[in-house]
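Undergrad: Just dropping this structure here.
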Amino acid sequence: MRLCSIASGSSGNCIYVGSDTTHLLVDVGISGRKTEEGLHELGLSGEDIHGILVTHEHSDHIGGIGVMARKRGIPIYATAGTIEAMKRANTLGKAEDSLFHEIRADESFYIGDIMVDATKISHDAAEPVAYRFRYENRRVAVCTDLGTFDDYIVEKMRGMDAILIESNHDVRMLQVGPYPYYLKKRILGDRGHLSNENSGRLLSRLLHDNMKQIILGHLSRENNLPELAYETVRIEIENGDNPYHADDFPIQVARRSEVSPVITV
């Protein structure tokens, strides 16, 4: 199984997950052209994609879905609340109803040879989810856009061989930055985004001997730095109530508009 970030950040998100025969995208919040360019770097094209899984309806996650799905006839998988919200948005264009496939949190389903499981998350959207993927005995997850985590999230995200997890902002940078108060309050709230510290705290509860790779994603352009996210998460792992050290696990930071190294598990 392979996991790769094509784009990740507050300006647009698109994540690839695939096996040898099944190729999926989690969100397409970048243009169709940029998505195709990213897939080309992976030796793929839009014609190879078997499904687009949507986490939620915010524009940085669905901005390019309409073009990709209509052009290639790619099925769109999302919760009922997300589908309804997407259809109300002007960004999709006229996507045929037949392209939409309703899914439910905590109910597994297959796309090709990959089993998919959606997990409820706390975010200011209609019915947002994170995703877990399983191919044979290998597991990866994409878990972003959540303001907080609890035992349910921890239980659902345990046992992953690789995970892309949100590390959205540095709290101090956000507090002193240019955002208006209401937006700062939203981001810091339980339905906002995970800070670097909380990303590290969540990871500290998910680490296990067989975890192969961690990707930090969805970094804010204005309120974070890749080096800061990386070091802060490492500190939280070192100080966390777990038997591991930060150097025990490869950690990479997904870039805003660059294809990340492909993780194979």
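Undergrad: For segment 163-179, how many residues meet the condition of being in contact (Cβ under 8 Å) with a residue 40 or more places away in the chain and over 19 Å from Ser8 (Cα atoms)?
TA: Initial filter on segment 163-179 (in contact (Cβ under 8 Å) with a residue 40 or more places away in the chain): 163-170, 173-174, 177-179.
From the residues that got through so far, the ones that are over 19 Å from Ser8 (Cα atoms) too are 173, 177-179.
The total comes to 4.
Undergrad: Same structure again: Which members of segment 223-260 meet the condition of being at pLDDT below 95 and within 26 Å of Glu37 (Cβ to Cβ)?
TA: Matches in segment 223-260: Arg255, Arg256, Ser257, Glu258.
Undergrad: Among residues belonging to segment 30-48 that are in contact with a helix residue (DSSP H, G or I) (Cβ under 7 Å, 6 or more places away or on another chain) and open to solvent by less than 10 Å² (accessible area, probe 1.4 Å), point out the one that is farthest from Glu166 (Cα to Cα).
TA: Per the stated criteria, the residue is Gly46.
Undergrad: Might you check whether a residue that is closer than 26 Å to Ser260 by Cα and either open to solvent by 20 Å² or more (accessible area, probe 1.4 Å) or of a type in the set (Asp, Glu) (or both) occurs anywhere in segment 95-104?
TA: Of segment 95-104, the ones closer than 26 Å to Ser260 by Cα are none.
The answer is no; no qualifying residue exists.
Undergrad: Sticking with this one: Tell me, please, whether a residue that is part of a strand (DSSP E or B), within 26 Å of Ala105 (Cα to Cα), modelled with pLDDT of 95 or more and open to solvent by 10 Å² or more (accessible area, probe 1.4 Å) can be found in segment 20-28.
TA: The answer is yes, given that some residue of segment 20-28 is part of a strand (DSSP E or B), within 26 Å of Ala105 (Cα to Cα), modelled with pLDDT of 95 or more and open to solvent by 10 Å² or more (accessible area, probe 1.4 Å).
Undergrad: On to the next question. Taking Glu57 as the residue in question, decide whether it is part of a loop (DSSP other than H, G, I, E, B) and in contact (Cβ under 8 Å) with a residue 60 or more places away in the chain. So that I can check it myself, show each step before the final result.
TA: Working: part of a loop (DSSP other than H, G, I, E, B): yes; in contact (Cβ under 8 Å) with a residue 60 or more places away in the chain: yes.
Criteria met by Glu57.
Undergrad: Can Gly200 be described as at pLDDT 95 or above, part of a loop (DSSP other than H, G, I, E, B) and open to solvent by less than 20 Å² (accessible area, probe 1.4 Å)?
TA: Details: at pLDDT 95 or above: yes; part of a loop (DSSP other than H, G, I, E, B): no; open to solvent by less than 20 Å² (accessible area, probe 1.4 Å): yes.
Answer is no for this residue.
Yes/no matrix, rows are residues, columns are (1) of a type in the set (S, T, N, Q); (2) over 24 Å from His58 (Cα atoms); (3) free of Cβ contacts under 8 Å to residues at least 24 places away in the same chain:
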| position | (1), (2), (3) |
| --- | --- |
| Ser195 | yes, no, no |
| Asn198 | yes, no, no |
| Arg201 | no, yes, no |
| Leu206 | no, yes, no |
| Asn210 | yes, yes, no |
| Asn224 | yes, no, no |
| Glu231 | no, yes, yes |
| Ile235 | no, yes, no |
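The values are calculated or read from the model by the stated rules, or taken from the named source; none is laboratory data. Predicted, not measured: the structure shown is a model, and the values here were computed from it. Glycine gets a Cβ as well: all are built from the backbone with ideal geometry, and neighbour counts include every protein chain shown. In case anyone asks, the SASA skips ligands and DNA or RNA and just uses the protein heavy atoms, side chains included. Shrake-Rupley method; radii C 1.70, N 1.55, O 1.52, S 1.80 Å.
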